[in-house]
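Here is the structure we will look at, set down as structure tokens.
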Amino acid sequence: MTNESQQQMHLINHKDLESFVVQILIGNGTPQESAAIVAKCLVSADLRGVDTHGSNRIPSYMERIRQQALNASATPTLRQVTPVVAQIDGHNGFGFVAAHQGMARAIEMAKDFGMGMVSIKHSNHFGMSAWLVKQALDAGMMSLVFTNSSPALPVWGGKEKMMGVSPIACGAPSGNAARPFILDMAPSIAARGKIYKALRRGEKIPTDWALDKNGDRTDDPAKALEGVMLPMGGPKGSALSIMMDVFSGVFSGAAFAGHVTNPYDPSKPADVGHFLVAIRPDLFMTMDEFKERMDYLYKRVTESEKMSGVDQIYFPGEIEMITEEKRLAEGIPFADAEIASLNKEADLVKVEHLRVQE
């Protein structure tokens with residue numbers, strides 16, 4: 001165990017964590033099948049080191065259920081639009097469940113027609129986008145994963161929260177000589193979830209992440225959450241966040257233009273929109289040729305000449321995969337306050353507390 005900002009850190013076995021999350025979800029009215037999907041996706045984020053989008057989201061999700069802002073028992077419905085296009089209505093259920101169904105359908109269409117596209121409306125936050133990329137990779141597919149989100153960024157030149165810190169994600173399989181390509185990034189300098197994580201753990205944040213409500217730079221996560229996130233690359237990050245709103249919000253029929261509800265606000269439905277595409281990699285060459293080319297790209301990237309002070313160059317998604325391997329073997333670190341918050345949810349539905357590794 002180590003100390004981080006005065007809080008003791010504890011390791012949790014991923015299987016114990018997943019079982020614990022499933023029980024809390026079921027205790028709050030989530031069907032077993034849906035609970036298994038949500039828990040797997042959240043723990044996948046914890047394993048990859050994306051703690052901001054992992055099991056620590058459970059308290060906010062459960063509060064949304066209790067306030068009837070999220071329908072835990074909702075079953076998404078699918079409408080086939082063309083042979084390669086479908087739309088899903090999430091009916092205000094878990095975004096994980098609607099997106100899982102959406103990517104599964106996109107993969108099915110891609111197998112038959114080379115590509116498949118699914119638009120999703122009336123959904124909720126679906127955590128880390130990389131789990132959907134991984135779902136496509138497991139089926140041997142390339143993918144694009146877009147979503148919009150609640151206001152956090154100003155448009156370039158503005159000062160009010162307008163666009164979401166909406167991630168752009170995509171992926172492609174590789175051969176045996178390389179790790180797959182997995183890109184999952186926010187259009188802001190840092191994901192907003194990192195600010196919530198710093199707040200939970202009593203940490204300060206870098207001063208280039210956000211502005212407080214007065215428009216001043218701050219290292220206080222509480223003040224940052226009252227203000228706005230800063231886009232990466234100035235107008236470029238702002239434009240990318242608008243792009244996510246076009247494809248995920250405008251296009252789907254979900255909320256857009258600053259009207260998506262914050263996942264930490266249990267007062268009303270979020271109405272998040274998603275946009276998913278699965279693509280078969282062997283459309284223009286054999287799968288073996290594609291994988292050989294991906295392996296070559298991986299080698300060229302990771303073996304390129306390093307700048308001063310750099311020990312290793314990583315492929316997008318590689319650091320997270322290395323973290324996952326480590327955490328599968330050793331456990332997932334949680335701070336005291338995070339464990340206490342999760343155990344409070346366990347008490348509410350009379351579930352055993354989270355088991356901590358000695």
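Taking the chain as a Gaussian network of alpha-carbon nodes connected by springs under 10 Å, the highest mean-square fluctuation of the residues ASP184, ASP51, ASP282 belongs to ASP282.
Taking the Cα centre of the chain as origin, work out the dipole magnitude from +1 charges on Lys and Arg Cβ and -1 charges on Asp and Glu Cβ, in debye rounded to 20. The dipole magnitude comes to about 700 debye.
Were the residues from GLU108 through ASP288 laid out at 0.36 nm apart, the gain over their Cα-Cα distance would be 62.7 nm.
Excluding same-chain neighbours fewer than eight residues apart, the aspartates and glutamates reachable from LYS268 by a Cα-Cα span under 13 Å are GLU63.
Let's test the formula: R0 of 25 Å, r as the Cβ-Cβ distance of ALA177 and THR323. What FRET efficiency results, to the nearest 0.05? Don't jump to the answer; show the numbers that get you there.
Numbers: r = 21 Å, r/R0 = 0.85.
Step by step, r from the Cβ atoms, then E = 0.75.
Using a Gaussian network model of the chain in which every pair of alpha carbons under 10 angstrom is joined by a spring, one finds that among SER174, SER73, SER308 the greatest mean-square fluctuation is at SER308.
For LYS40 and VAL81 in the same chain, what is the full-extension length gain: residue separation times 0.36 nm, less their Cα-Cα distance, in nm? Please report the intermediate quantities before stating the final value.
Working: separation 41, 0.36 × 41 = 14.76 nm, distance 2.96 nm.
Stretched fully, the LYS40-VAL81 segment lengthens by 11.8 nm.
Stretched out straight at 0.36 nm per residue, the stretch from TYR296 to LYS213 would grow longer than its current Cα-Cα span by 25.1 nm.
What number, rounded to the nearest 500 deg cm²/dmol, is the helix-based mean residue ellipticity at 222 nm of the chain, given -39500 (n - 2.57) per DSSP H run of at least four residues and division by all its residues? Calculated mean residue ellipticity at 222 nm is -12000 deg cm²/dmol.
Calculate the all-directions average of the projected area of the stretch 153-208's alpha-carbon convex hull, and give it in nm². Please report the intermediate quantities before stating the final value.
Working: hull surface 24.0 nm².
If you wrap the Cα atoms of the stretch 153-208 in a convex hull and average its projections, you get 6.0 nm².
Among GLY258, GLY202, GLY127, the residue with the largest mean-square fluctuation in a Gaussian network model of the chain, with springs joining Cα atoms closer than 10 Å, is GLY202. Taking square-rooted eigenvalues a ≥ b ≥ c of the alpha carbon gyration tensor, is the stretch 209-282 rounded, prolate or oblate, where a/c under 1.5 means rounded and, failing that, a/b exceeding b/c means prolate? The shape class here is oblate. The relative contact order of the chain, computed from alpha carbon pairs under 8 Å that lie at least 6 residues apart in sequence, is 24 percent. The share of alpha-carbon pairs in the stretch 44-154 lying farther apart than 19 Å comes to 50%.
Assign one of three labels to the stretch 31-79, namely rounded, prolate or oblate, based on the Cα gyration tensor with a ≥ b ≥ c the square roots of its eigenvalues; rounded applies when a/c is under 1.5, prolate when it is not and a/b is larger than b/c, and oblate otherwise. Since a/c reaches 1.5 but b/c is at least a/b, the shape of the stretch 31-79 is classed as oblate. With semi-axes defined as the square roots of five times the eigenvalues of the C-alpha gyration tensor, the equivalent ellipsoid of the stretch 297-358 measures 40, 12, 10 Å, largest first.
Set the Förster radius R0 to 25 Å, insert the Cβ-Cβ distance between LYS306 and GLU330 as r into 1/(1 + (r/R0)^6), and round the FRET efficiency to 0.05.
On the way: r = 28 Å, r/R0 = 1.12.
After rounding to 0.05, the efficiency reads 0.35.
Summarising the label geometry, the points placed 7 Å from Cα in the beta-carbon direction at LEU199 and LEU11 lie 3.1 nm from one another. Straight-line cross-link reach from LYS326 at under 24 Å between alpha-carbon atoms covers these lysines, not counting any fewer than eight positions away in the same chain: LYS15, LYS40, LYS134, LYS194, LYS197, LYS299.
Throughout, read-outs are computed from the coordinates displayed, never taken from laboratory work. Not measured: the values here are computed from a predicted model. Counting neighbours? That spans all protein chains shown, and the Cβs are built from the backbone with ideal geometry, glycine included.
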